[in-house]
Amino acid sequence: MISTIYLLLVFQRNYVQTSFRSILLEVYLRPIAAGAFASIAVTVFHRLTPQLVSWETVRYLVPIKMAADFGIFAPLYILLLVTFRQVTAIDWNNFVGLMSFSSEFLRHPFRERVKIYR
């Protein structure tokens with residue numbers, strides 16, 4: 001971790017020529033804060049539903065618990081990223097393009113896209 005931080009500092013100072021502090025505040029702080037708040041929400045959810053935490057001991061119920069945690073964490077994390085203005089118009093256009101590609105891909109299966117010439 002120390003070498004990663006060192007390389008990040010040197011890269012920012014020598015190549016990008018911006019301070020590490022400004023990059024930290026502009027790029028990293030908002031996603032870290034959104035993740036922390038979403039994690040706190042999952043922890044509060046566990047406090048409100050203690051029977052869900054006990055599902056960890058039953059192996060076949062663990063995926064249901066993980067899905068419930070994901071159902072709380074993911075929408076809240078995305079909402080916080082949008083609220084903190086971390087998601088730009090370019091990000092939104094990339095997301096919409098990816099969703100349209102995936103829906104198109106699901107409507108037309110892969111084997112129809114591959115043309116075999118004999």
Count - residues of region 50-71 that are among the hydroxyl-bearing types (Ser, Thr, Tyr) and in contact (Cβ under 8 Å) with a residue 12 or more places away in the chain: 0
First in region 72-91 and open to solvent by 70 Å² or more (accessible area, probe 1.4 Å), second anywhere and among the charged types (D, E, K, R), Cβ under 8 Å, 6 or more apart: Arg85/Arg30
Selection count, region 22-48, where residues are free of Cβ contacts under 8 Å to residues at least 12 places away in the same chain and either more than 24 Å from Thr83 (Cβ to Cβ) or of a type in the set (Lys, Arg) (or both): 1
Residue within region 10-21 that is at pLDDT 80 or above, loosely packed, with under 11 Cβ neighbours inside 10 Å and within 29 Å of Thr83 (Cβ to Cβ) present: yes
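The values are calculated or read from the model by the stated rules, or taken from the named source; none is laboratory data. The structure displayed is predicted, hence computed values, not measured ones. Positions of Cβ are generated from backbone atoms using ideal geometry, with glycine treated the same way; all protein chains shown enter the neighbour counts. What goes into the accessible areas is simple: the full protein's heavy atoms, side chains included, and nothing from ligands, DNA or RNA. Shrake-Rupley method; radii C 1.70, N 1.55, O 1.52, S 1.80 Å.
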